[in-house]
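What follows is calculated from the coordinates using simple rules that are stated; it is not laboratory data. Bear in mind that the values here come from a model prediction, so they are computed numbers and not experimental data. All Cβ positions, even for glycine, are placed from backbone atoms using ideal geometry, and neighbour counts span all protein chains on display.
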Amino acid sequence: MERIQIITITLNFLFLFYVSRLIIRGRLREEYAIVWTLTTILLLIFSFWKNGLTVLSDLFGVFVPANLVFMGFIFIILVYLLHLSVVNSKLQKNITKLTQEVALLKETFERSEEVKTSNENIKN
């Protein structure tokens with residue numbers, strides 16, 4: 001095994017350990033951890049399988065294996081950005097709804113305070 005393979009395998013295992021620690025501490029949600037774990041496992045597979053990228057490049061008809069890597073990661077990034085956009089839109093709707101509910105509760109509270117104040121003034 002070559003030195004670069006050993007370094008890559010070690011870094012992949014350290015990264016998997018780091019992701020698991022983030023999940024345990026509650027700093028990373030499981031749905032996002034799946035993406036990071038799968039990516040790390042994919043890199044780990046290619047760390048052990050030296051000719052894997054060349055085999056896949058030949059399978060997909062890509063002449064330069066590095067182009068397959070770039071194409072794959074660009075596709076993955078685009079899909080992940082789409083997912084984050086959907087999550088962001090959902091959160092924006094939730095924030096708008098919560099803001100409206102807080103405004104309604106504030107108005108109800110202020111009205112009840114006015115009624116309470118006017119009842120006290122009537123009694124006096």
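What does the convex hull of the Cα atoms come to per residue for segment 1-50, in Å³? Please list the in-between numbers first.
Details: hull volume 2.5 nm³, N = 50.
Convex hull of Cα atoms, per residue: 51 Å³.
Which option, (i) 58, 44, 23; (ii) 92, 32, 14; (iii) 58, 34, 30, is the value of Cα extents along the principal axes in Å that was calculated from these coordinates?
Answer by label: (ii).
Under the Karplus relation 6.51 cos²θ - 1.76 cosθ + 1.60, θ = phi - 60°, what is the ordered set of whole-Hz ³J(HN,Hα) values for segment 105-122, x standing for Gly and Pro?
Per residue, the Karplus-derived 3J(HN,Hα) values read 5, 5, 5, 4, 5, 5, 5, 5, 5, 5, 5, 5, 5, 5, 5, 5, 5, 5 Hz.
How many nm is it between the label spots at Leu53 and Leu91, if each spot is 7 Å from the Cα in line with the beta carbon?
Each label point lies 7 Å from its Cα, and together they span 3.3 nm.
Using only DSSP helix segments of four residues or longer, with each worth -39500 (n - 2.57), what per-residue ellipticity at 222 nm results for the chain after dividing by its residue count and rounding to 500?
It lands at -31500 deg cm²/dmol.
What percent of all Cα-Cα pairs in segment 66-124 falls in each 10 Å bin, counting up from 0?
That works out to 19, 20, 16, 15, 12, 9, 6, 4, 1, in percent per bin.
Starting from the Cα of Thr8, step 7 Å toward the Cβ, then list every residue of segment 33-47 with an amide N under 16 Å from that point.
Backbone N within reach: 39-47.
Nearest 10 degrees, 0 to 90: what angle lies between the long axis of helix 3-24 and the longest principal axis of the chain (Cα atoms)?
For helix 3-24, the angle is close to 20 degrees.
What lysines could a cross-link reach from Lys116, if we take a straight Cα to Cα line under 18 Å and drop same-chain neighbours fewer than 8 places away?
Qualifying lysines at Cα under 18 Å: Lys106.
Relative to the longest principal axis of the C-alpha atoms of the chain, give the angle of the C-alpha long axis of helix 30-48, reported between 0 and 90° and rounded to the nearest 10°.
So the helix axis and the longest Cα principal axis differ by about 10 degrees.
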